[in-house]
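Everything below concerns the one structure shown next.
The values are calculated or read from the model by the stated rules, or taken from the named source; none is laboratory data. In this text the structure is predicted, and so the values were computed from the model without any measurement. Glycine also receives a Cβ, built like all others from the backbone with ideal geometry; neighbour counts cover every protein chain displayed. Heads up: the accessible areas ignore ligands, DNA and RNA and are worked out on the full protein's heavy atoms, side chains in. Shrake-Rupley method; radii C 1.70, N 1.55, O 1.52, S 1.80 Å.
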Amino acid sequence: LAKTTQPISMDSYEGQEVNITCSHNNIATNDYITWYQQFPSQGPRFIIQGYKTKVTNEVASLFIPADRKSSTLSLPRVSLSDTAVYYCLVGERDSSYKLIFGSGTRLLVRP
Amino acid sequence: GAVVSQHPSRVICKSGTSVKIECRSLDFQATTMFWYRQFPKKSLMLMATSNEGSKATYEQGVEKDKFLINHASLTLSTLTVTSAHPEDSSFYICSAYPGLGSDTQYFGPGTRLTVL
């Protein structure tokens, strides 16, 4: 079973900030939180990864509270091309780094 | 960097035939590669984990004799769907993990298999 829970779908409009929250109540000490984006008929693409507090890159920000039982992916000023499925995963960085995908969040960005 | 390729990108075959899908890490060596399948509108389902030079570890419910995995080198893993049937039609995706010190797995573009 996947170790994460996300909303099934979200709608937004171009130019808005989108925040997708993921619950991972049973996250282990060695687990990192990773977000992927997937377009139809393509493999997932790495967006961002974090362990605690806040991480930011050129694409998104990831907010992780102190208890690490949830995380929020923030996409600033989304465009139509951000319409995709977003997956939140937790897993150890070392060893086999096996990932189990949950249902993901289907984001639809409207004009 | 960190590019993973798959070949072919799509394949159509007749029922009963076998199909081989290749997964290559183009600019890094992958100690571990993973194979997933994905049905329309569904999430990725992990099928197996393969480590170079050793037998693959299959997830529960995945038939190892039907989905043969070979990880002959640090840059190549192959998935062979043997005696394919229409229910094997799916999107197959591989990923490669560079090993200690790497942030994440890198995914291939996927292979669309259609069995007639």
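Some points to look at:
- A run of chain B free of exposed loop cleavage sites, with trypsin sites (Lys or Arg not before Pro) counted only in DSSP states other than H, G, I, E and B and at most 12 other beta carbons within 10 Å, reaches its longest extent at B:56-116.
- Overall, the accessible surface of chain B at a probe of 1.4 angstrom is composed of carbon and sulfur to the extent of 52 percent.
- The largest accessible area among A:GLU17, B:GLU52, A:GLU58 belongs to the first residue in A:GLU58, A:GLU17, B:GLU52, and the rest follow in falling order (1.4 Å probe, all chains).
- Projected label distance in nm at A:SER41 and B:GLN60, using a 7 Å step from Cα toward the beta-carbon: 3.5 nm
- Size of the A/B contact, given as accessible area buried on both chains, probe 1.4 Å, in Å²: 1700 Å²
- Occluded residues from segment A:6-50, i.e. those whose accessible area drops by 50 Å² or more once the chain is not alone (1.4 Å probe): A:SER41, A:PRO44
- Equivalent ellipsoid of the protein assembly as shown: semi-axes from √(5λ) of the C-alpha gyration tensor, largest first, are 30, 21, 15 Å.
- Placing +1 on the Cβ of every Lys and Arg and -1 on the Cβ of every Asp and Glu, with nothing else charged, gives the protein assembly as shown a dipole about its Cα centre of roughly 320 debye.
- Entry comment: accessible area of chain A is 51 Å² per residue, from protein heavy atoms only and a probe of 1.4 Å.
- Candidates B:GLU22, B:GLU59, B:GLU87, ranked by Gaussian network fluctuation over chain B, Cα under 10 Å, top entry: B:GLU87
- Solvent-accessible area per residue, Å², over chain B with all protein chains present [probe radius 1.4 Å]: 48 Å²
- Percent carbon-and-sulfur accessible area, chain A, ignoring ligands, DNA and RNA, probe 1.4 Å: 50 percent
- Rg over Rh, two decimals, chain B (C-alpha only, Kirkwood Rh): 0.95
- Residues in segment B:65-100 occluded by at least 30 Å² - accessible area, probe radius 1.4 Å, against chain by itself: B:PHE91, B:TYR97, B:LEU100
- Charge dipole magnitude, Cβ of K and R +1, D and E -1 - chain B, Cα centre, debye nearest 20: 340 debye
- Proportion of all alpha-carbon pairs of segment A:1-109 beyond 18 Å (%): 44 percent
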